[in-house]
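The structure under discussion appears below in the form of structure tokens.
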Amino acid sequence: MLILARRIGESIMVGDQVEISVVDIKGDQVKLGIKAPAQVKVYRREVYAAIQQENLAAAAAAPQRLPTLEELMGPEKKPPAAQPPAGQSPQAPAAQSPQAPSAQPPAAQSPQAPSAQPPSPQRPEEPGASGSQPPASKPNRS
């Protein structure tokens with residue numbers, strides 16, 4: 001341990017960025033001023049020890065005692081299963097009802113307003129392109 005004697009207004013440097021100054025002395029108490037970058041954490045020893053104890057306790061917590069994400073957020077709605085359960089035969093699809101209502105507003109379905117319909121998310125296939133592979137991209141010539 002390095003022991004230094006300093007008077008009020010004098011300081012010491014720790015590395016290149018931390019300066020510790022003696023600000024005041026009253027009886028058996030010394031007030032220190034510390035200049036350090038924001039990323040350097042400075043704690044009193046008793047506070048640092050308490051933080052270390054809390055960190056150790058948190059690391060030792062058993063995972064089964066912590067709530068699951070589902071318990072915190074509530075159950076998630078899952079889409080219906082696409083496959084029938086094992087041991088059951090697949091059933092024929094139900095007949096579609098004529099003119100099932102659409103989720104789009106009537107204005108978007110009107111042939112007079114083609115700009116109201118969003119563009120199709122599917123890209124047309126290029127001639128000779130296989131359906132299992134995406135079309136080859138062309139080099140950017142800018």
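The values are calculated or read from the model by the stated rules, or taken from the named source; none is laboratory data. Because the structure is predicted, anything quoted here is derived from the model rather than measured. Please note: Cβ atoms are built from the backbone with ideal geometry, for glycine as well, and neighbour counts cover all protein chains shown.
If you go through the stretch 50-68 and keep only what is more than 23 Å from the chain's Cα centre (by Cα) and at pLDDT 85 or above, you end up with A50, I51, Q52, Q53, E54, L56, A57.
Tally time: how many residues in the stretch 10-28 are surrounded by 10 or more Cβ atoms within 10 Å (Cβ to Cβ) and either closer than 25 Å to Q39 by Cβ or of a type outside the set (V, I, T) (or both)? Reasoning before the result, please.
Here is the first cut: in the stretch 10-28, the residues surrounded by 10 or more Cβ atoms within 10 Å (Cβ to Cβ) are 10-14, 17-25.
Imposing the further condition that a residue be either closer than 25 Å to Q39 by Cβ or of a type outside the set (V, I, T) (or both) reduces the set to 10-14, 17-24.
Count: 13.
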